[in-house]
Each structure stands twice: as C-alpha cells, then as structure tokens.
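Novice: Handing you a structure now.
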Number of protein chains: 2
Amino acid sequence: MLDVALISHLTNFSDFSRRELSEFIAQSRAIRMPQNKAFFSEGEEAHSFFLLLDGHIRVVRTTPSGEQVIIRYISNNDIFGIAKAVGQVKYPATAVAAVDCVALAWPTRMWEDTIQRYPSFVKSVNKAVGDRLLDIQDRVIELATEQVEQRVALALIKLMTQTGKEVDDGILIDMPLSRQDISEMTGTTLHTVSRLLSAWEQEGFVKSSRKKVVITNSQKLNALCRKI
Amino acid sequence: MLDVALISHLTNFSDFSRRELSEFIAQSRAIRMPQNKAFFSEGEEAHSFFLLLDGHIRVVRTTPSGEQVIIRYISNNDIFGIAKAVGQVKYPATAVAAVDCVALAWPTRMWEDTIQRYPSFVKSVNKAVGDRLLDIQDRVIELATEQVEQRVALALIKLMTQTGKEVDDGILIDMPLSRQDISEMTGTTLHTVSRLLSAWEQEGFVKSSRKKVVITNSQKLNALCRKI
DNA sequence: TGCGAACGTTGCGTTTGCTCAAATAAAAAC
DNA sequence: GTTTTTATTTGAGCAAACGCAACGTTCGCA
C-alpha cells in the first residue's frame with residue numbers, strides 16, 4: 001500500500017485534501033516497469049494515464065522507414081499517457097522505461113469523473129500539456145535553425161537540468177544514455193555525436209563513456225549554444 | 001451584430017443550445033485584422049483567446065538571432081491564442097494575419113467562467129491542443145529524419161489540404177505564400193525552395209509564381225515524400 | 001574466463017544544401 | 001510612367017554532416 005505522504009507534496013496535488021488524495025490514489029494501481037519495457041505503445045488505445053514515481057521514461061516515435069525519434073524524456077513526478085486529456089483516443093507515442101520504473105496508473109475511463117471531482121488536478125495536467133507544447137516548439141526551432149553541434153549541446157544541457165546529479169568531477173546525466181539516444185533526440189547520427197563528444201572531451205568540458213555522460217564545465221557547454 | 005447561425009454549425013459549438021451560443025458570442029467582440037498585422041506577439045500577456053472566422057494566420061516564433069520559424073498556419077473556424085487553457089500566462093508565439101482576417105475575441109479572464117459554463121467548448125479546445133501537439137511532433141520527426149525535398153513536399157501537401165482551392169490547372173494554395181515562407185516552415189533557405197519549385201515546375205506537377213503556388217499533380221508530389 | 005553482442009571510435013570519400021553574388025522580374029510607390 | 005522596393009532565379013564554390021567501413025572496447029552471460 002502506498003503512503004499518501006509520498007505524493008502529497010507534488011504540485012499536481014497541492015489543492016487536494018488528505019482525504020481526496022487517498023481516495024484518488026486508491027483508484028490507481030502501482031506499476032513496476034523493468035528497464036527497456038514499454039508502458040504503452042504508439043497507436044495503442046489509451047487505456048491509462050500515469051504518474052511516474054521513480055525512474056526515467058523515453059518517449060519515442062518510429063517513422064514509416066523504421067527510424068526512431070526521441071520526443072522527450074519523462075522524469076520523477078511527471079504525468080504521462082494523458083492522451084485523453086487532449087481528446088486523443090490512442091497514444092501518439094511509445095513510452096519506454098529508460099531504467100526500472102515505478103508509476104501509478106489510473107484507467108482512462110476515470111477521466112470524465114476526474115474532471116468533475118478534481119479540477120485542480122486537471123488544471124495541472126493542462127499545464128503539463130502546455131509546457132510540453134512549448135518544449136516541442138523549441139525543438140522545432142532548434143532543428144530548423146541550428147547546427148548539429150548546437151543541438152547536441154542543447155540536448156545535453158536540457159538533460160542535465162532535468163536529471164543531473166552532482167558527482168566528483170561535474171554533473172552526471174543520471175541514466176543510461178547512448179550516442180544513439182542522443183542522435184535520436186537531435187536528428188543526427190550516432191557517428192556525429194561520437195565525434196562531438198570526443199572533441200568536447202579533448203577540450204575538457206565533458207567526460208563520457210559507455211551510456212554515460214558527465215558535464216564537467218557547463219559554462220563552456222552553454223557557450224557553444226550561443227555561438228549562433 | 002453577428003448572426004448566431006454563422007457559428008452554430010462549428011463543431012466547437014455542437015453541444016451549445018441556441019441560447020447559450022448567443023450568450024457566449026455576446027461576450028466576444030469581433031476583430032478585423034489587416035494583412036501582416038499581428039493579433040498578438042510572442043511574450044505578450046495572454047489577454048484574449050480567439051476564433052478565426054475568416055482568413056489565414058501565420059503562427060511565428062523568432063530566434064534570439066532574429067531568424068523566423070513558422071510554427072503553423074491557422075485557418076477558418078480554428079481557435080487560437082488559447083495559452084490560458086494550457087496554463088500559460090504569456091503567448092508563446094506571434095500570430096500574424098496572412099491575409100485580411102475576421103475573428104472573435106474573448107477576454108482571457110473569462111476562461112475560468114468558461115470552464116464552468118461551457119465544458120463542451122473546453123473539451124473542443126483541449127482537442128485542438130492535442131491535434132496541434134501531434135502535428136508539431138510530426139514536424140519534429142520530419143525535421144529530424146527527412147531531407148529538405150521531402151519536407152518541402154510535405155509542407156505543400158499540408159497547406160494544400162488545409163487551404164487548397166480548386167482552380168483550372170490544379171489546386172491553389174489560397175493565400176500569399178512566398179519562397180521565404182516555405183523555407184521558414186521547413187527549416188531551409190529560400191534559395192533551396194526556389195530551386196525545388198523550379199525543378200518541380202520543369203517536371204510538371206507544380207506551378208508557382210510570386211507568392212503563389214498551384215499543385216497540378218498531387219500524386220506526383222505525394223510520391224516524392226515516400227521516397228525515404 | 002572466454003565468447004558474443006552491444007556500444008563506441010575514427011578515417012575517408014561523398015553529398016546535400018548552404019553561402020555568397022549577381023541578374024531578373026514583378027509589384028508598389030511616387 | 002518612372003523609380004524603388006520586394007520577390008525570385010540561378011550559378012559557383014564550399015563546408016557540415018552523412019554513409020560506409022573497419023576496428024576497438026565494454027559488458028553480460030555461459
């Protein structure tokens with residue numbers, strides 16, 4: 001059984017009374033998702049919406065020709081799978097656990113009821129949608145106007161902000177992240193990403209190894225982005 | 001004064017009673033926006049939300065270095081300026097009249113009230129947000145995985161579907177559309193767009209002149225996109 | 001502990017699409 | 001009707017980034 005205290009501090013639930021919260025949580029079920037398994041897949045009927053309690057999720061779409069594009073990463077305390085909230089019947093993308101994850105899931109058929117009973121939650125969901133819309137607009141602008149080097153630098157900075165963890169020699173992006181992953185976020189190839197990371201390691205502001213990136217000097221990385 | 005009949009057939013208002021509709025419309029004011037003037041600008045406080053009755057709108061964002069990116073075009077009977085519905089305080093982009101436009105505007109402060117009184121309208125707004133989220137995801141995928149030629153072809157097809165008008169020799173994109181506009185939609189340069197349009201005109205499936213594009217053979221244009 | 005698979009690196013040739021530049025054409029302004 | 005502005009076309013050279021290919025490294029697992 002889940003402790004309400006675990007969740008009560010989240011901004012999504014700031015307007016909930018203790019009783020509403022435990023009531024709402026009682027309607028969910030906890031899900032444990034092992035690494036590299038999908039919570040749901042593109043095109044599937046949107047049966048549930050989720051709250052990520054622990055882990056990181058990769059939101060991915062696949063092109064007709066089989067290439068993958070990473071739309072975004074979802075981290076702790078984020079809502080996801082909220083297709084129904086924006087009038088969609090199917091999930092528009094696949095949500096893969098980047099590490100072992102824990103989440104709460106509510107059946108989508110509860111959504112109408114949720115609108116009635118927990119308007120503040122709905123508002124926070126709408127806010128999340130708006131933030132994602134802004135975020136993905138930024139991605140379009142980056143892809144349309146900036147060079148690969150800037151795009152990769154920006155992607156690392158975003159991940160650093162989102163999932164960064166202080167370690168001895170800088171800030172670690174705290175999840176497995178391959179060259180290929182980075183290339184799928186930035187619309188380039190793993191080769192180019194590898195070359196960039198090597199060059200940056202030479203210049204001494206990034207350290208990377210297998211599925212691991214540490215930013216040792218974020219100012220320098222930032223400086224790269226503004227070189228427009 | 002606006003005739004309710006003008007609007008009652010729109011899907012946004014399908015659940016409205018005649019009385020609700022005229023009441024809702026009474027709270028709006030009609031706006032006439034001359035070509036190339038902005039309804040609102042990026043960063044401005046979101047004072048109003050709108051329904052476009054006639055015309056075409058270009059939604060644009062400007063990069064720090066002054067380049068413009070066209071996020072989307074808005075056409076007849078579309079809602080826009082709905083920042084508040086997704087928890088945003090400021091408009092995230094600039095909305096410019098691509099031609100002389102007519103729209104209805106409601107003050108944003110009415111939004112809370114609207115949620116209470118016209119939930120079906122709110123639902124249609126959310127649906128619009130979802131559709132745009134999907135649309136812009138598609139843009140990201142295109143920019144990340146496809147070549148310029150495909151992207152330009154896809155952009156023309158989308159515009160054709162959205163604003164196409166049958167004419168003698170094919171389907172006209174029924175608004176002023178320069179090479180530069182197309183390049184700002186697809187993340188390329190006006191030069192490359194010009195070269196592509198010239199080549200396509202040679203091959204005989206597009207006719208273009210100053211700020212005007214006619215697709216004379218949409219199958220052939222479609223075929224270009226699938227060349228992946 | 002050794003094997004295979006997954007991940008990462010790097011060199012080389014090629015190509016796409018950009019930049020720069022100049023000419024032309026069409027519309028708008030006077 | 002002439003001038004000015006704005007839009008378009010086209011050529012030539014060049015650079016960013018890709019594709020290919022080969023090799024090196026790390027990890028998991030038997």
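The values are calculated or read from the model by the stated rules, or taken from the named source; none is laboratory data. Quantities reported herein were computed from a predicted structural model and do not represent experimental measurements. In this analysis, Cβ positions are derived from the backbone assuming ideal geometry, glycine residues included, and neighbour counts consider all displayed protein chains.
Novice: Going residue by residue through segment B:134-155, is there one that turns out to be among the polar types (S, T, N, Q), surrounded by 17 or more Cβ atoms within 10 Å (Cβ to Cβ) and within 15 Å of DNA strand C (Cβ to nearest atom)?
Specialist: Looking for residues that are among the polar types (S, T, N, Q), surrounded by 17 or more Cβ atoms within 10 Å (Cβ to Cβ) and within 15 Å of DNA strand C (Cβ to nearest atom), one finds at least one in segment B:134-155, hence yes.
Novice: Now for a separate question. Could you say whether any residue in segment A:163-184 is modelled with pLDDT under 95, more than 23 Å from the chain's Cα centre (by Cα) and over 26 Å from B:P64 (Cβ atoms)?
Specialist: Taking every residue of segment A:163-184 in turn, at least one turns out to be modelled with pLDDT under 95, more than 23 Å from the chain's Cα centre (by Cα) and over 26 Å from B:P64 (Cβ atoms).
Novice: Can you pull out the residues in segment B:13-26 that are exposed (fewer than 13 other Cβ atoms within 10 Å of the Cβ) and either in contact with a Pro (Cβ under 9 Å, 6 or more places away or on another chain) or of a type outside the set (S, T, Y) (or both)?
Specialist: Within segment B:13-26, B:R18, B:R19, B:A26 meet the criteria.
Novice: Working only within segment A:157-199, note down all residues that are of a type in the set (D, E) and either surrounded by 15 or more Cβ atoms within 10 Å (Cβ to Cβ) or closer than 16 Å to A:A97 by Cα (or both).
Specialist: Answer for segment A:157-199, where residues must be of a type in the set (D, E) and either surrounded by 15 or more Cβ atoms within 10 Å (Cβ to Cβ) or closer than 16 Å to A:A97 by Cα (or both): A:D174, A:D181, A:E184.
Novice: Follow-up. Which numbered condition trips up B:Y118, out of (1) among the hydroxyl-bearing types (S, T, Y); (2) surrounded by fewer than 20 Cβ atoms within 10 Å (Cβ to Cβ); (3) more than 16 Å from DNA strand D (Cβ to nearest atom); (4) in contact (Cβ under 8 Å) with a residue 40 or more places away in the chain?
Specialist: With (1) among the hydroxyl-bearing types (S, T, Y); (2) surrounded by fewer than 20 Cβ atoms within 10 Å (Cβ to Cβ); (3) more than 16 Å from DNA strand D (Cβ to nearest atom); (4) in contact (Cβ under 8 Å) with a residue 40 or more places away in the chain applied to B:Y118, the lone miss is (2).
Novice: Go through (1) within 14 Å of chain B (Cβ to nearest Cβ); (2) under 22 Å from A:N36 (Cα atoms); (3) within 11 Å of DNA strand D (Cβ to nearest atom) for A:M185 and report which single condition fails.
Specialist: A:M185 satisfies every listed condition except (3).
Novice: May I pose another question? Take the residues of segment B:96-126 that are within 14 Å of chain A (Cβ to nearest Cβ) and of a type in the set (A, V, I, L, M): which is nearest to B:I31 (Cα to Cα)?
Specialist: B:V125
Novice: Residue check, B:I70 against (1) surrounded by fewer than 21 Cβ atoms within 10 Å (Cβ to Cβ); (2) closer than 25 Å to B:D174 by Cβ, all met but one. Which one?
Specialist: B:I70 satisfies all of (1) surrounded by fewer than 21 Cβ atoms within 10 Å (Cβ to Cβ); (2) closer than 25 Å to B:D174 by Cβ except (1).
Novice: Out of segment B:53-79, which residues are within 13 Å of another protein chain (Cβ to nearest Cβ) and not β-branched (V, I, T)?
Specialist: Selection gives B:R61, B:P64, B:S65, B:G66, B:E67, B:Q68, B:R72.
Novice: For segment A:59-81, name all the residues that are of a type in the set (F, W, Y) and touching a helix residue (DSSP H, G or I) at 6+ places or on another chain (Cβ under 8 Å).
Specialist: Listed by number, the list holds a single entry, A:Y73.
Novice: Let me ask something else about it. Find the residue count for segment B:135-162, including only residues that are more than 12 Å from every other protein chain (Cβ to nearest Cβ) and within 16 Å of DNA strand D (Cβ to nearest atom).
Specialist: Residues in segment B:135-162 being more than 12 Å from every other protein chain (Cβ to nearest Cβ) and within 16 Å of DNA strand D (Cβ to nearest atom): 5 in total.
Novice: Looking only at segment A:80-92, which residues are at the interface with chain B (Cβ under 7 Å from one of its Cβ atoms) and either crowded, with 21+ Cβ neighbours inside 10 Å or in contact with a Ser or Thr (Cβ under 9 Å, 6 or more places away or on another chain) (or both)?
Specialist: A:A85, A:V86, A:G87
Novice: Turning to a different aspect of this structure: For segment B:156-196, enumerate the residues that are more than 13 Å from DNA strand C (Cβ to nearest atom) and among the hydrophobic types (A, V, I, L, M, F, W, C).
Specialist: The answer is B:L156, B:I157, B:L159, B:M160, B:V167, B:I171, B:L172, B:I173, B:M175, B:L177.
Novice: For segment A:38-50, enumerate the residues that are under 15 Å from the mean Cα position of the chain (by Cα) and surrounded by fewer than 21 Cβ atoms within 10 Å (Cβ to Cβ).
Specialist: Hit for segment A:38-50 is A:A38, nothing else.
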